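Everything below concerns the one structure shown next.
No lab work stands behind these numbers, since they all come straight from the coordinates. Only a predicted model underlies this, so the values are computations on that prediction, with no experimental measurement involved. Counting neighbours? That spans all protein chains shown, and the Cβs are built from the backbone with ideal geometry, glycine included.
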Amino acid sequence: MKNSDGQLYTIEGLAAALVMLLTAYFVINATSVYTAGDTHITDMQLEALGTDALRVMDANESRLTGSPLRNIISNVTFTDNQTFGTMFGNLINSRTGAAADHIQYSASYSYRDLGDNSMKSMFINASRNLSGGEHAVRATKWVIANVKGDGLPGDSSYIPGFSPPQNRSVLVEVLLWRD
Amino acid sequence: MAGLNDDAQWIVLMGFLVSFSFFFLALVINQSTVVGQTTAESVIEFPKNDIRDTREIMIRSWDLGNYNTVNYNTVKEDIKIISKSRKNAVVKFDDRIWGNDMHFHYPLYYNNGVTEYYENWTSL
């Protein structure tokens with residue numbers, strides 16, 4: 001039954017199998033170099049980082065003062081915008097090493113116009129100008145701020161529509177992207 | 001192999017068998033790309049942070065209702081309208097109810113079309 005006549009066939013069979021396996025391996029490797037799901041994972045991490053930073057900024061510093069984020073919204077002046085920029089920029093870009101990260105942001109907040117219930121948006125601060133080419137994610141935080149003023153420039157707040165100080169709820173929105 | 005003898009046909013057959021089995025294995029592995037994408041998408045679409053944040057602001061706003069009803073109604077309206085236009089979510093929260101269990105109950109509701117959240121928050 002057994003003899004050694006078919007050794008060449010054995011080698012040929014093995015070689016054919018190897019060639020086919022290698023072909024399949026290369027073809028599959030070529031088509032799935034980049035998994036689309038991976039982009040969502042980095043987006044998710046960036047969004048979580050931004051949300052956490054906003055939560056940190058909305059924590060009260062002491063029993064007597066409000067959170068930094070609430071104070072910034074309540075009294076949006078040029079210095080407050082810079083305070084937001086410094087604090088938020090430090091929070092999202094700090095790493096364990098000495099070198100900072102390269103995450104850019106653009107922050108604004110939305111509020112309701114009391115006159116016609118329309119949405120208005122107010123710019124806070126940005127590390128870069130938005131060009132439209134960024135692959136940005138959005139992190140948001142609700143803030144209840146005590147605002148006063150009639151919305152004229154130079155006022156203590158830019159949310160118009162009332163004269164006595166009033167509590168208003170605004171949505172702070174930050175776009176984050178790596179650059 | 002026409003001119004040769006046909007002693008080793010089963011070896012060639014085995015070669016084909018192994019190759020095809022690996023081919024179908026590769027098909028299975030190929031599906032992992034799709035699986036990874038849908039998983040990551042469903043994770044990012046689940047509004048965990050939105051619900052937590054909205055819940056927090058609703059509970060905080062009830063404190064306003066204890067001493068300033070005008071501000072409370074303004075803030076309530078702010079949350080509802082901003083949530084609809086900027087977060088694509090319908091939120092609803094009613095005034096507190098004094099329950100039979102001697103606690104205040106605050107019903108709150110969140111729906112963004114995909115995920116629905118309802119909570120009956122109870123005061124101390």
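Remarks
- Applying the Karplus relation 6.51 cos²θ - 1.76 cosθ + 1.60 with θ = phi - 60° to segment A:115-125 yields 3J(HN,Hα) values of x, 10, 6, 7, 8, 10, 10, 10, 6, 9, 6 Hz, where x marks Gly and Pro.
- Here the label points at A:ASP116 and B:THR39, each 7 Å from Cα along the C-beta direction, are separated by 4.9 nm in the simple model.
- Cα centroid separation, segment B:6-28 to segment A:48-85: 66 Å.
- A Förster radius of 51 Å combined with the Cβ-Cβ distance from A:ASN60 to B:PHE20 puts the calculated FRET efficiency at roughly 0.15.
- Hydrophobic, long helices, defined as DSSP H runs whose alpha-carbon span along the helix axis is 15 Å or greater and whose mean Kyte-Doolittle value is at least 1.0, occur in chain B at B:9-30.
- The label-point distance for A:ARG128 and A:VAL27, in a model that sets each label 7 Å from Cα toward Cβ, rounds to 4.1 nm.
- Along the axis of the charge dipole computed for the protein assembly as shown (Cβ charges of +1 for Lys and Arg, -1 for Asp and Glu, origin at the Cα centre), the listed residues A:GLY133, B:THR39, A:THR86 are led at the positive end by A:THR86.
- The GNM of chain B, with springs linking C-alpha atoms under 10 angstrom apart, assigns the highest mean-square fluctuation among B:ASN100, B:ASN71, B:ASN111 to B:ASN100.
- Kirkwood hydrodynamic radius of chain B, Cα pairs, Å: 19.6 Å
- Shielding by partners for peptide A:110-122, expressed as the average number of C-beta atoms from other protein chains within 10 Å of each residue's C-beta, is 3.
- Contact order relative to length of segment B:17-124, as percent, for alpha carbon pairs under 8 angstrom and 6 or more apart: 15 percent
- Between B:SER123 and B:GLU56, the contour length at 0.36 nm per residue exceeds the alpha carbon distance by 22.7 nm.
- The Cβ shell under 15 Å around B:GLU119 holds other residues with a net charge of +1, Lys and Arg each +1, Asp and Glu each -1.
- Each 10 Å bin, from zero up to the one with the longest distance, holds this percent of the alpha carbon pairs of the protein assembly as shown: 5, 20, 24, 16, 10, 7, 7, 6, 4, 2, 0.
- Label positions at A:ASN146 and B:HIS103, each projected 7 Å from the Cα along the C-beta direction, are separated by 3.0 nm.
- If the segment from B:THR115 to B:GLN9 were pulled out straight at 0.36 nm per residue, it would be longer than the present Cα-Cα gap by 32.2 nm.
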